Amino acid sequence: MHCVLSIGRDEMTLHKLPACELAEKIAAGSVSSKEATEHFIGRIEKHNPAINAVIATRFDAALIEAGAADDAIAKGNIKGPLHGVPMTIKDLFEVEGMTCDAGFPDYKGHISTSDAVVTARLKAAGAIIIGKTNSPLAGGDIQTYNAVHGTTNNPHNLDHTPGGSSGGSSAALAAAMTPLEYGSDIGGSVRAPAHFSGLFSHKPSFAIVPMRGHVPPPHGMPWEPTELTVAGPLGHTAGDIEVALDVTVGLEGPMRQAMQIQLQGPRHVVPQGLRVGLWPTDAACEVENAFSSAIEEAGKALEKQGASLHTISPDFDKPQHFETYMKRLSAIVGSDMPAPVFAAMQEIVDAAGADDTSMRVTQARGITLSHGEWLRLNIRKAKYDLAWQALFEKVDVLLCPVTPSTAMKHDHNPDFHARTIKVNGTARPYFDNFFWAGIATLCGLPSTVVPLGLYVGLPFGMQIIGPAYEDKTPLAVAKMLENIGYQWLQARGY
């Protein structure tokens with residue numbers, strides 16, 4: 001885990017430093033934790049009113065903790081690789097003493113009495129939480145707005161969303177109000193915000209980062225009962241997100257006493273010998289032509305460094321895979337819906353023809369899914385697992401899109417099915433936003449997002465999908481691309 005070190009930075013540009021370089025400077029005493037914390041507090045106070053990313057703060061407590069971190073360094077005591085680094089965290093993670101309403105008006109004013117596992121592990125690594133960032137209601141959208149905290153804007157263009165559900169996370173990073181963030185992902189919620197905001201992010205393999213203390217599920221439940229949700233970092237560099245992942249990976253409770261997760265090194269640390277799969281678009285969900293071209297260019301950039309390129313995609317029915325993912329996702333999202341809503345979904349299913357595969361009907365079928373139907377989908381998923389295993393015998397990583405378009409303008413139509421996005425000048429269903437996210441999510445694969453460039457003034461990136469539990473491989477490829485020149489796309493004026 002190494003950062004590309006910058007030279008000649010001063011306090012006025014601390015926000016441009018990678019988080020791990022800031023940590024190194026704090027540990028070396030060239031920058032104090034208190035100075036860094038004050039710097040980011042100042043940036044939040046200056047920029048947050050227009051962006052509305054940070055929705056709760058603990059500035060006074062953070063400054064006290066920063067002073068203690070500096071005192072510890074003077075005594076030769078460093079807690080971990082994030083010692084003294086201030087950061088924000090997505091509102092859906094519990095932070096002791098802070099609000100955690102997840103956008104629910106009924107939860108407004110709820111104060112957490114303990115830390116989520118992710119929060120506790122970041123603190124144990126030395127991080128100082130200075131604030132929490134906005135999320136859509138229950139994390140249920142690829143945009144970020146709710147009735148409690150309002151709408152979060154994209155620093156690259158305030159008329160557009162920064163993504164969701166970790167949209168407050170990406171907006172805070174894009175405006176350099178924080179050097180590091182941690183989010184969660186079930187439908188692209190750390191990947192789409194990074195793609196929309198010019199950042200790096202990583203969706204880990206399923207279940208390697210504990211979800212306890214994440215909302216949903218409702219406050220007080222001891223575990224996350226879903227099969228798709230993961231927690232993962234967002235940051236300005238590939239090295240930053242790797243450090244954040246490393247300090248949060250691991251089982252908890254009795255299992256942690258019995259065994260440990262030790263992620264193995266990447267298949268390759270340099271492009272020589274790396275087998276890169278290219279899947280720049282698909283007829284099942286076309287993306288902006290500029291995206292597919294840029295993904296191919298990124299592959300060629302790796303090829304110039306010694307990698308081999310292979311046009312390839314997983315060997316399964318792509319629309320069927322998307323239908324399977326959306327049913328499983330809908331089953332999770334709808335698991336605690338009120339009885340009247342469930343009954344309405346059942347009415348939609350009963351009225352639909354057997355061959356109706358519209359997204360409205362697919363979602364309703366997922367929400368009303370029986371256990372027997374779930375098992376049949378699980379058998380289908382097992383076949384997808386085998387297809388992925390076969391693919392990763394031929395290539396080491398797969399480069400593919402994140403969503404079909406750049407960040408959309410704010411659209412709060414309560415009927416998601418009435419929303420559209422525009423791709424290559426044509427209106428497309430809003431739910432196309434979830435096609436490429438589901439590609440990595442359904443089978444629990446790791447996916448690292450790397451920024452590629454700007455299109456019509458807005459950032460876009462790509463996914464680097466790796467084999468299950470080989471998280472270090474896509475992270476290593478992200479570092480290779482960063483070294484070539486694919487870096488954080490800073491928003492102008494920040």
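The values are calculated or read from the model by the stated rules, or taken from the named source; none is laboratory data. What you see is a predicted model, and the numbers here were worked out from it, not measured in a lab. FYI the Cβ positions are ideal-geometry reconstructions off the backbone, even for glycines, and counts take in every protein chain you see. For the accessible areas, the whole protein counts, side chains as well, though only heavy atoms, and no ligand, DNA or RNA atoms are used. Shrake-Rupley method; radii C 1.70, N 1.55, O 1.52, S 1.80 Å.
Only a single item in (1) closer than 30 Å to residue 202 by Cα; (2) open to solvent by 50 Å² or more (accessible area, probe 1.4 Å); (3) not basic (Lys, Arg) is not met by residue 339, and it is number (1).
For beta carbons closer than 6 Å, sequence separation of 6+ or different chains, a first residue in the stretch 255-275 that is in contact (Cβ under 8 Å) with a residue 24 or more places away in the chain and a second that is open to solvent by less than 50 Å² (accessible area, probe 1.4 Å) and small (Gly, Ala, Ser), the qualifying pairs are 261/250; 266/476; 269/476; 271/306; 271/307; 272/306; 274/307; 275/308. Taken over the stretch 118-163, the criterion of being of a type in the set (Asp, Glu) and in contact with a Lys or Arg (Cβ under 8 Å, 6 or more places away or on another chain) is satisfied by 159 alone.
Residues considered: 28, 62, 53, 69. Of these, the only one that is of a type outside the set (D, E, K, R) and open to solvent by 40 Å² or more (accessible area, probe 1.4 Å) is 28. Among the residues of the stretch 457-494, the ones that are modelled with pLDDT under 95 and either in a helix (DSSP H, G or I) or surrounded by fewer than 17 Cβ atoms within 10 Å (Cβ to Cβ) (or both) come to 3 in all. As for the stretch 117-135, it holds at least one residue that is of a type outside the set (D, E, K, R) and either under 12 Å from the mean Cα position of the chain (by Cα) or farther than 27 Å from residue 26 by Cβ (or both). Considering 76, 67, 42, the condition of being on the phi > 0 side of the Ramachandran plot and either over 23 Å from the mean Cα position of the chain (by Cα) or assigned to a helix (DSSP H, G or I) (or both) is satisfied by 76 alone.
If you go through the stretch 302-333 one residue at a time, how many are touching a Gly at 6+ places or on another chain (Cβ under 8 Å) and in a helix (DSSP H, G or I)? Total satisfying the criteria: 10. Per the listing 101, 115, 141, the residue uniquely touching a His at 6+ places or on another chain (Cβ under 6 Å) and either part of a loop (DSSP other than H, G, I, E, B) or open to solvent by less than 20 Å² (accessible area, probe 1.4 Å) (or both) is 101.
To keep it simple, each residue is scored yes or no on (1) small (Gly, Ala, Ser); (2) crowded, with 16+ Cβ neighbours inside 10 Å.
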{"site": "348", "(1), (2)": "no, yes"}
{"site": "352", "(1), (2)": "yes, yes"}
{"site": "356", "(1), (2)": "no, no"}
{"site": "359", "(1), (2)": "no, yes"}
{"site": "368", "(1), (2)": "no, yes"}
{"site": "377", "(1), (2)": "no, yes"}
{"site": "386", "(1), (2)": "no, no"}
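Checking the stretch 241-261 against the condition returns a match, with at least one residue being among the charged types (D, E, K, R), open to solvent by less than 20 Å² (accessible area, probe 1.4 Å) and part of a helix (DSSP H, G or I). So which pairs qualify, if the first residue must be in the stretch 76-101 and under 15 Å from residue 59 (Cβ atoms), the second must be among the acidic types (Asp, Glu), the Cβ gap must be under 7 Å, and the two must be at least 6 apart or on different chains? Cβ pairs passing all conditions: 87/181; 88/181; 89/181; 95/115. Between 426, 420, 406, the distinction of being β-branched (Val, Ile, Thr), more than 30 Å from residue 262 (Cα to Cα), within 18 Å of the chain's Cα centre (by Cα) and open to solvent by 10 Å² or more (accessible area, probe 1.4 Å) belongs to 406 only.
Residue 153 passes every criterion in (1) touching a Leu at 6+ places or on another chain (Cβ under 6 Å); (2) open to solvent by 10 Å² or more (accessible area, probe 1.4 Å); (3) not hydrophobic (A, V, I, L, M, F, W, C) apart from (1). A search for C-beta distances below 8 Å between a residue of the stretch 333-353 that is of a type in the set (A, V, I, L, M) and any residue that is modelled with pLDDT under 75 and open to solvent by 60 Å² or more (accessible area, probe 1.4 Å), counting only pairs 6+ apart in sequence or on different chains, returns 345/337. Against the test of being at pLDDT 95 or above and on the phi > 0 side of the Ramachandran plot, the options 52, 48 yield a single qualifying residue, 52.
Name the pairs: first residue in the stretch 384-398 and more than 11 Å from residue 312 (Cβ to Cβ), second residue charged (D, E, K, R) and modelled with pLDDT of 95 or more, Cβ to Cβ under 7 Å, at least 6 apart or on different chains? Every condition considered, the pairs that remain are 387/315; 396/267; 396/275. Within the stretch 72-97, the residues that satisfy the criterion of being open to solvent by 10 Å² or more (accessible area, probe 1.4 Å) and closer than 21 Å to residue 118 by Cα are 78, 79, 80, 81, 94, 96, 97.
For the subset of the stretch 147-163 comprising residues that are within 19 Å of the chain's Cα centre (by Cα) and in a strand (DSSP E or B), which member is farthest from residue 67 (Cα to Cα)? So, considering only residues that are within 19 Å of the chain's Cα centre (by Cα) and in a strand (DSSP E or B), the one farthest from residue 67 (Cα to Cα) is 160. Taken over the stretch 251-298, the criterion of being over 28 Å from residue 403 (Cβ atoms) and among the hydrophobic types (A, V, I, L, M, F, W, C) is satisfied by 251, 255, 258, 259, 261, 269, 270.
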